[in-house]
Amino acid sequence: MKKSFPNIRLRRLRNNSPIRNLIRENVLSAHDLIQPIFLIDGKNKTEKIKSMPSIHRMTIDLAIKEIKILQKLGIQGIALFPCIKDKYKDAYGSESYNDDGLMQRAIRSIKKSVKNIAIISDVALDPYTSHGQDGILSPTKKILNDETIEILVKQSLSHARCGVDILAPSDMMDGRIKSIRKALENNKFVDTKILSYSAKYSSNFYGPFRDAVGSVKNLGASKKDTYQMDFSNSKDAIREAEMDISEGADIIMIKPGMPYLDIVSKINSQFNVPIFVYQVSGEYSMIKAASQNKWLNEKRIVLETLMSMKRAGANAIISYYAKDALKWMK
Ligand code: PBG
């Protein structure tokens, strides 16, 4: 280093904003962001989510209004999550493939009223099971892999029939991408895309989401460690990505976001597939709480976190801050 100085002064390229703008490697645009939307039944109604200030569950009619606003801001995609009443939940999550269920009605109505937006639907059983797990249980309470896949396939086909653009299996059962892809092909849904949550960690950052979809009390003290990944590992994430790509996934998701950027970077350097990153509920709530206390500058922090995900290799980011970020970027 001593020898190169003063010929090389790295600060030379930082000393005014035109230069910084010209040499910048990554940009964040409206095309990079996806807004999650929590759905409830009814009309013209919203509900606050205690652990996620400023985020609301909403009925389909209001979701459509919201999506139109998001579209004016330039958004290209939305991710739908249902919060259904307890009376519709059972041990098998059967409501998940009801063609007249909340998700199915939402997909159909949004498709009808909003053109040119990618609808991403969550494929998983946890909003529908009386026990809050993403899989069905054996008598000894083990999560049954292959039996769960049968239900996920039904759920996927039901969303595909409604015209969903992207199915996003977030359940972490082994082999589900293969089965879902095969069912889509057999039923002529050749254009339905699969965004696989490949590297989904068993994370404590999902707490507020479980509150939002109403699975928190059903889940109780049970954990998801037998199917979601151990956060001490990274080789496992590479194998998950490899497996899902070979089974027919079009896009790979990594989740949570910021604490897992090493995984994003690794997967990005090893595979030639698009990568989405999910800035999850706990990440949102941490930033929100600190911002409300004026401990952090919300706008700057959010844009920095989103850029860090782009830098690591994300093509797009699912974030509860998508709408705010779009406004701030204008
Ligand atoms: C459900 C699912 C979860 C999230 C997305 N899909 C929660 C979980 O696995 O318990 C988390 C999203 C977030 O925290 O924002 N299969």
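The values are calculated or read from the model by the stated rules, or taken from the named source; none is laboratory data. These numbers come from a predicted model, not from an experiment. Positions of Cβ are backbone-derived with ideal geometry, glycine not excepted, and every protein chain shown enters the neighbour counts. Accessible surface is based on the protein model in full, side chains and every heavy atom, while ligands, DNA and RNA are left aside. Shrake-Rupley method; radii C 1.70, N 1.55, O 1.52, S 1.80 Å.
The alpha carbon convex hull volume per residue for the chain rounds to 160 Å³.
Taking the 1.4 Å solvent-accessible surface of region 34-140 as the whole, the part contributed by carbon and sulfur is 53%.
What Kirkwood radius, in Å to one decimal, follows from the Cα pairs of region 1-126?
On the way: mean 1/r = 0.0558 Å⁻¹.
Hydrodynamic radius (Kirkwood, Cα pairs) of region 1-126 is 17.9 Å.
Cross-link partners for Lys330 among the aspartates and glutamates, with Cα-Cα distance under 19 Å and sequence neighbours closer than 8 places in the same chain left out: Asp32, Glu66, Glu298, Glu304.
Take the cross-link list Lys50/Lys115; Lys111/Lys188; Lys65/Lys154 and give me the ones stretching past 24 Å between alpha-carbons. The pairs that break the limit, which is 24 Å between Cα atoms, are Lys50/Lys115; Lys65/Lys154. Note on the chain: with a GNM built from Cα contacts shorter than 10 Å, the maximum mean-square fluctuation among Leu102, Leu296, Leu13 falls on Leu13. Using all pairs of distinct alpha-carbon atoms, the Kirkwood hydrodynamic radius of region 20-69 works out to 13.3 angstrom.
Listed highest first by mean packing, meaning other Cβ atoms within 10 Å per residue, what order do 179-187, 120-128 come in?
Working: 179-187: 16.9, 120-128: 26.7.
Top to bottom by mean Cβ count within 10 Å: 120-128, 179-187.
Helix 235-247 axis versus longest C-alpha principal axis of the chain: approximately 60°, rounded to the nearest ten.
Can you list the lysines whose alpha carbon sits under 18 Å from that of Lys255, skipping same-chain ones fewer than 8 residues off? Candidates past the 8-residue exclusion: Lys200, Lys223, Lys224, Lys235, Lys266, Lys310. Highest-first packing order for the peptide set 263-270, 235-242, 251-258 is 251-258, 263-270, 235-242, based on the mean count of other beta carbon atoms within 10 Å.
Of all DSSP beta bridges confined to the chain, the antiparallel ones make up roughly 10%.
Placing a label point 7 Å from the Cα of His56 along the Cα-to-Cβ line, the residues of region 63-103 whose backbone N sits under 13 Å from it are 63-67.
Taking all protein chains as present, what is the carbon and sulfur share of the accessible area of region 222-330, in % to the nearest whole number, probe 1.4 Å? Don't skip to the end; give the middle numbers.
On the way: 2490 of 5160 Å².
With neighbouring chains kept in place, the figure for region 222-330 is 48 percent.
Annotation: per residue accessible area for the chain equals 49 Å², rounded to a whole number [probe 1.4 Å, protein chains only].
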